[in-house]
Amino acid sequence: MTVIGIIAEYNPFHNGHLYQIEQVRAQFADATIIVAMSGNFLERGEPACIDKWTRAKQALAAGVDLIVELPLVFCVQPADRFALGAIKILKELGVQKLFFGAEHATYNFDLMAKKTLDVHGDFAKYNESFAAAYQRAVREKLGYSVDQPNDLLGLAYAKANRKLGSPFQLIPIQRVIAGHHDLFLKERKHIASASAIRKQLEMQSKKEIKNYVPVVTYATLANKRIISWKNFWPLLQYQIKTSSLKKIGQLYDVSEGLEYRVKQQMERLPENAKFDDWIKAVKSKRYTYTRLSRLAVIILIQVTPEEVKQVDEHPYIRLLGFSGKGRLHLNKIKKNCNYPIITKVDKNNKEGLMQVDYRAGTVYSLINGVTQDLRHVPLRFE
């Protein structure tokens, strides 16, 4: 049986995501679809608008067979490291083909990866960000720009796939109707960007999104509190204001004296300042909004380099839910899986392998009021 992998955030699950699953089914009707999904904090340095269990439920109802949570230490990384962590996990789960959205689905991502495998950007230039340096280096290698969000992720997946011995066939799906950064719902259309949908949700305009999400998503959003950095801002302020420079400097990805800028700009803000005000104050040509948003997650959760290294060296699979087909596949591959498969959080893994994810869930539950790990077992969608 064909096993398809997808790397996703589902923030929230919308008709564009459903379209991708329908494209998989159109090509491989009987395939087992496995999704590696970011948990309660996402790759661009944002808290998820609704919790991981609700999003997993939405995906299972839409036809996903097995859904696992990407460890947070992968989700606070740039695209190349994020992709490598996700593909390691999908490889262990027996995935054969990787589907992903792209702005230019006609690109040969594997060939692009081959040509740019040694491209990592120029860290020596302090008047531009890593992202800008990386895109410039890719353009020089390929002869054309790769600067759209999903294309860049697709290239990251292809490079990670090559690094791991090319276990997957890569199948890009053309993004349709809505662009990644579109902030407005298009009338008489049924697909909108996640950004546009979240904007409506934050404005308490839930009825406006009805035509752009599956029925199950709309139903599960009915009584959910929509979460953003606005909710976590007081907690982040507390962490930065009460932590010493030394303590901030010992966290993951804090380098080049960034702890001084982080703390100094926080102390200079007026009393009514918001999260975006702090980001704009810290931002420079060297540091992008996304890099600083990821750093905010790291500070909020207090992630250390040692914890990141531990998960890099000893990945694990956190099971969120499965269908009947997904359960059969899991039973088939688990004896040969090299990573521990965690179905229930106990004292050992919450203080061991899952300590960062457990802390992240605890912090998230302070806002949404729902326990995220203890007493949770995988969702069953039979």
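State to the nearest 20 debye the size of the charge dipole of the stretch 306-382 about its Cα centre, where the only charges are +1 on K and R beta carbons and -1 on D and E beta carbons.
520
Taking Cα pairs under 8 Å and at least six residues apart, what relative contact order does the chain come out at, in percent?
The value is 23 percent.
Obtain the nm distance between the two label points defined at Leu245 and Gln27 by a simple spin-label model: each point lies 7 Å from its Cα along the Cα-to-C-beta direction.
Going from the Leu245 label point to the Gln27 one covers 5.3 nm.
Using the Kirkwood radius built from alpha carbon pairs, what does the Stokes-Einstein equation give as D for the stretch 225-382 at 37 °C and 0.692 mPa s, in µm² per second?
Result for D is 183 µm²/s.
222 nm [θ] for the chain, helices only, -39500 (n - 2.57) per DSSP H run of 4+, per residue, to 500?
My calculation for the chain gives -14000 deg cm²/dmol from helical runs alone.
What does the accessible area per residue of the stretch 195-323 come to in Å², with a 1.4 Å probe and no ligands, DNA or RNA counted?
Per-residue accessible area for the stretch 195-323 comes out at 50 Å².
For the stretch 1-55, which whole percent of the accessible surface, found with a 1.4 angstrom probe, sits on carbon and sulfur atoms?
The value for the stretch 1-55 is 44 percent carbon and sulfur by accessible area.
Given a 1.4 Å probe and every protein chain left where it sits, what share in percent of the accessible area of the stretch 254-382 is carbon and sulfur?
Answer for the stretch 254-382 is 50 percent, counting heavy atoms of protein chains only.
For the chain, build the convex hull from the C-alpha positions and give me its volume per residue in Å³.
143
Return the lysines within reach of Lys207: Cα separation strictly under 16 angstrom, same-chain partners fewer than 8 residues apart disregarded; answer none if there are no such residues.
Once the sequence-local lysines are set aside, what remains near Lys207 is Lys186, Lys189, Lys199, Lys224.
Rolling a 1.4 Å sphere over the protein heavy atoms, what is the accessible area per residue of the stretch 30-82, to the nearest Å²? Spell out each step's value before the answer.
Working: 870 Å² over 53 residues.
Ligands and nucleic acids excluded, the result is 16 Å² per residue.
Over 30 Å between C-alpha atoms is what I'm after, so list which of Lys206/Lys283; Lys88/Lys350; Lys52/Lys206; Lys230/Lys263; Lys210/Lys241; Lys247/Lys280 land there.
Result: Lys206/Lys283; Lys210/Lys241 exceed 30 Å.
Given contacts defined as C-alpha pairs under 8 Å and at least six residues apart, what's the relative contact order of the stretch 339-382, whole-number percent?
About 48 percent, as a whole number.
Among DSSP beta bridges whose residues both lie in the chain, state the antiparallel percentage, nearest 5.
Antiparallel bridges make up about 15 percent of those DSSP assigns within the chain.
What distance in nm lies between label points placed 7 Å from Cα along the C-beta direction at Leu366 and Arg327?
Label-label distance for Leu366 and Arg327, simple model: 3.8 nm.
Once you have the Cα-Cα distance between Leu235 and Asp346, take 0.36 nm times their residue separation minus that, and quote the gain in nm to one decimal. Could the numbers behind the result be given before it?
Working: separation 111, 0.36 × 111 = 39.96 nm, distance 2.61 nm.
Extra length available between Leu235 and Asp346 comes to 37.4 nm.
Normalising by the residue count of the stretch 26-155, find the relative contact order in percent from Cα pairs under 8 Å and 6+ residues apart.
It comes to 21 percent, rounded to a whole number.
Please work out how much accessible surface Lys91 shows to a 1.4 Å probe, ignoring ligands, DNA and RNA, in Å² rounded to 10.
90
Treating only the Cβ atoms of Lys and Arg (+1) and Asp and Glu (-1) as charged, compute the dipole magnitude of the chain about its Cα centre; round to the nearest 20 debye.
360
Put +1 on the Cβ of every Lys and Arg and -1 on every Asp and Glu Cβ in the chain; which of Pro234, Met354, His376 then has its Cα farthest towards the positive end of the dipole?
Farthest along the dipole direction, towards plus: His376.
The values are calculated or read from the model by the stated rules, or taken from the named source; none is laboratory data. In this text, all values refer to a predicted model and were calculated from it rather than measured experimentally. Reconstructed Cβ throughout: ideal geometry from the backbone, glycine too, with neighbour counts over all protein chains shown. Please note that ligands, DNA and RNA were not included when accessible areas were found on the heavy atoms of the full protein model with its side chains. Shrake-Rupley method; radii C 1.70, N 1.55, O 1.52, S 1.80 Å.
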